[in-house]
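Heads up: the structure comes next, in structure tokens.
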Amino acid sequence: MSTDRPFSTLEMRSEIIERWPTGKTDRPSEELCKLVTEFLERFPCSPALWVTAGDLMGLEGEFPSLSLSREECYQKALELDPLCGEAYEALGYLYDLDDNYEQAELKFRAAIDCTGGPDSFIGLARTLASQDKLREARAILTEAKTGFESIVAEIVNEAAGLE
């Protein structure tokens, strides 16, 4: 696929999601890596694309066309948009995997401050639990559950309407 025509952010995401690996053992296709590289060349100021590149590295292990590391891709997204909750969340999970719980906690808290998505709350709770801060981890999960009950109810209602 060539990116000769203009793309909106939603179209770019759609093209990437369409090609994203779906199984646990699936690896990203060469086509997907090329597509993300092309999009980054055309739209280097897109924080979402830099987060996608970092996520892709997490699946692929490397991204031959980029000279940056996974962490650097997320940092690049934050340079472009200091309120990019996705980048903070991704860094939180990256640091959590490296057992760098203090940095993970900071990044998850920043992600919650920016967007407050459920995965950020879950990541923060895991990180807190890993530091034996169990009471605080429970409180975070309770806060998340309370905060997202209305969203879950809305999704359930929409799904019921589709049946």
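The values are calculated or read from the model by the stated rules, or taken from the named source; none is laboratory data. Bear in mind that the values here come from a model prediction, so they are computed numbers and not experimental data. Glycine gets a Cβ as well: all are built from the backbone with ideal geometry, and neighbour counts include every protein chain shown.
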Q.
Taking the conditions exactly as written (farther than 29 Å from D132 by Cβ and either outside the structural domain of T127 (by TED's automatic domain parsing) or surrounded by fewer than 16 Cβ atoms within 10 Å (Cβ to Cβ) (or both)), does A48 satisfy them or not?
A. yes
Q) Is at least one residue of the stretch 13-24 surrounded by 14 or more Cβ atoms within 10 Å (Cβ to Cβ), within 14 Å of L66 (Cα to Cα) and at pLDDT 75 or above? A) no
(Q) If a residue must be outside any helix (DSSP H, G or I) and under 13 Å from the mean Cα position of the chain (by Cα), how many such residues does the stretch 84-141 contain? (A) 4
**Q.** Cβ pairs under 7 Å, 6+ apart, first in the stretch 82-102 and free of Cβ contacts under 8 Å to residues at least 40 places away in the same chain and surrounded by 12 or more Cβ atoms within 10 Å (Cβ to Cβ), second part of a loop (DSSP other than H, G, I, E, B) and of a type outside the set (V, I, T)
**A.** G85/G117; E89/G117; Y101/Q131
Q. Only one of L59, L97, L10 is closer than 26 Å to T127 by Cα and at pLDDT below 80; which?
A. L59
Q | Selection status of A90, closer than 18 Å to A53 by Cα, modelled with pLDDT of 95 or more, out of contact with any Ser or Thr (no Cβ under 8 Å at 6 or more places or on another chain) and not assigned by TED's automatic domain parsing to the domain that holds L49 | A | yes
Q: Select from the stretch 103-113 the residues that are surrounded by fewer than 19 Cβ atoms within 10 Å (Cβ to Cβ) and over 17 Å from R138 (Cα atoms) and list them in ascending order.
A: Q103, L106, D113
(Q) Could you go through the stretch 27-44 and let me know if any residue there is among the small types (G, A, S) and either assigned to a helix (DSSP H, G or I) or modelled with pLDDT of 90 or more (or both). (A) no
